[in-house]
1. Could you grab me the full set of residues in segment 110-131 that are among the charged types (D, E, K, R) and touching a residue at least 40 places away in the same chain (Cβ under 8 Å)?
2. Looking at segment 58-80, can you tell me whether even one residue there is surrounded by 12 or more Cβ atoms within 10 Å (Cβ to Cβ), of a type in the set (Lys, Arg) and either over 10 Å from the mean Cα position of the chain (by Cα) or modelled with pLDDT under 95 (or both)?
3. Output the number of residues of segment 16-29 satisfying the condition of being in a helix (DSSP H, G or I) and either farther than 23 Å from residue 88 by Cβ or hydrophobic (A, V, I, L, M, F, W, C) (or both).
4. Within the set of pairs 6+ apart or on separate chains, which have a first residue in segment 87-108 that is among the charged types (D, E, K, R), a second that is assigned to a helix (DSSP H, G or I), and C-beta atoms under 7 Å apart?
5. Test of understanding: among 45, 92, which residue is at pLDDT 95 or above, basic (Lys, Arg) and either within 13 Å of residue 107 (Cα to Cα) or more than 15 Å from the chain's Cα centre (by Cα) (or both)?
6. Give segment 37-46 a look and list any residue that's assigned to a helix (DSSP H, G or I) and in contact with an Asp or Glu (Cβ under 9 Å, 6 or more places away or on another chain), or say none.
Amino acid sequence: MPAMTQDEERVALTQTIMGVLDEWGLDAADHVVAVVGLPDKMPKRNVRKFRDGVAFPDTPEVMEHLDHLVGIITSLRTTYPLNPQMGTHWMRRSNRLFGNRPPLQAMVEDGLDGLVAVRSHLDCTYDWKLDDERSGKL
């Protein structure tokens with residue numbers, strides 16, 4: 001099987017992320033823009049194009065958001081390996097760690113900070129890395 005080109009990989013990543021966001025119930029275009037780190041000025045109708053095979057923009061901000069989303073998705077699959085629907089349930093359920101908001105709402109409202117908070121909660125090794133960076137150990 002031939003290797004995927006970089007463009008094909010970006011399209012596949014985009015479609016995977018959009019599929020997960022849809023599973024989580026994040027269907028409002030402005031919420032997708034916030035969670036993925038797309039430019040605020042992007043027309044909301046363009047979000048549909050990402051479901052139809054157009055890759056997310058290759059900008060540092062979008063790539064950083066996608067890195068955190070992939071980390072969250074991976075952590076949810078590790079946390080709930082026998083029941084993938086539990087990850088969706090967890091993302092939608094109020095959680096006191098996020099101000100009694102669902103993690104998904106924290107990600108929408110807090111942007112990158114919300115993504116980092118959710119990822120840190122789910123992935124202790126990522127949280128340890130952040131602690132090391134803050135303390136200057138890296």
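The values are calculated or read from the model by the stated rules, or taken from the named source; none is laboratory data. Keep in mind the model is a prediction, meaning the values are calculated, not measured. Positions of Cβ are generated from backbone atoms using ideal geometry, with glycine treated the same way; all protein chains shown enter the neighbour counts.
1. 119, 123, listed by residue number.
2. Within segment 58-80, none of the residues are surrounded by 12 or more Cβ atoms within 10 Å (Cβ to Cβ), of a type in the set (Lys, Arg) and either over 10 Å from the mean Cα position of the chain (by Cα) or modelled with pLDDT under 95 (or both).
3. Total meeting the criteria: 5.
4. Correct list of pairs: 92/104.
5. Exactly one residue qualifies, and that residue is 92.
6. From segment 37-46, those assigned to a helix (DSSP H, G or I) are 44-46; that's our starting set.
Of everything in segment 37-46, just one residue is assigned to a helix (DSSP H, G or I) and in contact with an Asp or Glu (Cβ under 9 Å, 6 or more places away or on another chain), namely 44.
Listed here are the residues, each with its yes/no results for (1) within 17 Å of residue 126 (Cβ to Cβ); (2) among the β-branched types (Val, Ile, Thr); (3) assigned to a loop (DSSP other than H, G, I, E, B).
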{"position": "31", "(1), (2), (3)": "no, no, no"}
{"position": "48", "(1), (2), (3)": "no, no, no"}
{"position": "58", "(1), (2), (3)": "no, no, yes"}
{"position": "70", "(1), (2), (3)": "yes, yes, no"}
